[in-house]
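The values are calculated or read from the model by the stated rules, or taken from the named source; none is laboratory data. This one's a predicted model, so the numbers in the text were calculated from it and none came from an experiment. Methodologically, a virtual Cβ is constructed for each residue, glycine included, from the backbone with ideal geometry; neighbour enumeration extends over all protein chains shown.
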Amino acid sequence: MGFGGGGGGALPNHEHTNIALDGGPLDFVNTTIASLSAGSTTFSDGNALQELVIGTPAQSLVVNGLGTAPEWITPAAGGPTTAQYIATGASFSTSSVTFVDVTNMTITLPNTGGTLDCLCNVFMSGEIAVAADMLMWRLVKDTTALVYSEFWLTGAAEGLKAGAMSCLCDGDGDPCKLQMQTFGNTGTFRVSATEQTPCLSAFAVG
Amino acid sequence: MMYKFTKKISCDDPTQCCEDIINKIETKFPVKIHAPTKNDFVNGHISINHINEEHQFWIFIYSSSGVHESAHGITEYVIETKNNRVKKFNGTFPSQKEIESIF
């Protein structure tokens, strides 16, 4: 039966309420039809119902920027936007009394254009040949030292020592590298396939 | 001066491996690599990347007092850094062949 009532004559004024003979509530469950596309939702603009056609897969329904209507948006990817990681497979020794680059421990920082939005981490283990010497480590961004650490060792008999350094810096695409030195005896950045896997990593966290 | 080369050797103890090379260099040439204390001067240094069957060696003998030399980690260019413990080697610089003859 149409809204005309089927019996002829004009449709009398009425509301859709629970009151008998007042039209009753609209049945939205698989009964009422409208000129909408599959998947569409409706909302009011304050004057009339409006159609919001369905979004694309993985989009989310949010309130628009004016706070007046819903809209579909594609959410930004979560988590770190960029990550760099390197783990060398060989030990490196030096007797240098000035900092030298550790082979295969240089990475390129993420290039975000931001300030202090890059987290750098390095895990290292080392040993030294003789007593009364020490291993010194530092992370260098391009030519600027970021963070420093040192191992005091009483000699080779003491075995390996392990440590870590971490810092925030600008994500600007610069090289970031691990350097080491001693006071003039052999120090080793030690890698063991079964026990130690030193690594250098950088994450954009902004 | 930088001497760079690769040797098909392997080692179980990288620290001892490097010490052995330093001792051979200091025995064969009048170059002071070891520094017993942090105040001693040095004529050079050695760096080794201990890849199995493909050890990479960088042996430096310094050309100027107060100027430390090392290899850039990527470009391999020689980096010069001021260091007052560096003393110029006044002897005759060995050839690459003479350096490699220690093996």
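Laid out as a table, the results:
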quantity: Residue match in the range B:36-44 (condition: under 18 Å from B:Pro94 (Cα atoms), at the interface with chain A (Cβ under 8 Å from one of its Cβ atoms) and hydrophobic (A, V, I, L, M, F, W, C)); calculated: yes
quantity: Condition check for B:Glu26: surrounded by 13 or more Cβ atoms within 10 Å (Cβ to Cβ), among the acidic types (Asp, Glu) and at the interface with another protein chain (Cβ under 10 Å from one of its Cβ atoms); calculated: no
quantity: Criterion violated by A:Leu119 - all others in (1) modelled with pLDDT under 90; (2) closer than 30 Å to B:Tyr77 by Cβ; (3) aliphatic (A, V, I, L, M) satisfied; calculated: (1)
quantity: Evaluation of A:Ser44 against (1) at pLDDT below 85; (2) more than 30 Å from B:His55 (Cα to Cα); (3) of a type in the set (S, T, N, Q) (one fails), failing number; calculated: (1)
quantity: Residue match in the range B:4-17 (condition: surrounded by fewer than 19 Cβ atoms within 10 Å (Cβ to Cβ), under 13 Å from the mean Cα position of the chain (by Cα) and touching a residue at least 40 places away in the same chain (Cβ under 8 Å)); calculated: yes
quantity: Subset of the range A:184-206 that is more than 18 Å from A:Met105 (Cα to Cα) and either in a strand (DSSP E or B) or within 14 Å of another protein chain (Cβ to nearest Cβ) (or both) - its residue that is modelled with the lowest pLDDT; calculated: A:Glu195
quantity: Selection status of B:Ser47, within 20 Å of B:Pro14 (Cα to Cα) and touching a residue at least 24 places away in the same chain (Cβ under 8 Å); calculated: yes
quantity: Extreme residue, nearest to the other protein chains (Cβ to nearest Cβ), among residues of the range A:70-101 that are more than 26 Å from B:Asp40 (Cα to Cα) and modelled with pLDDT of 90 or more; calculated: A:Ser91
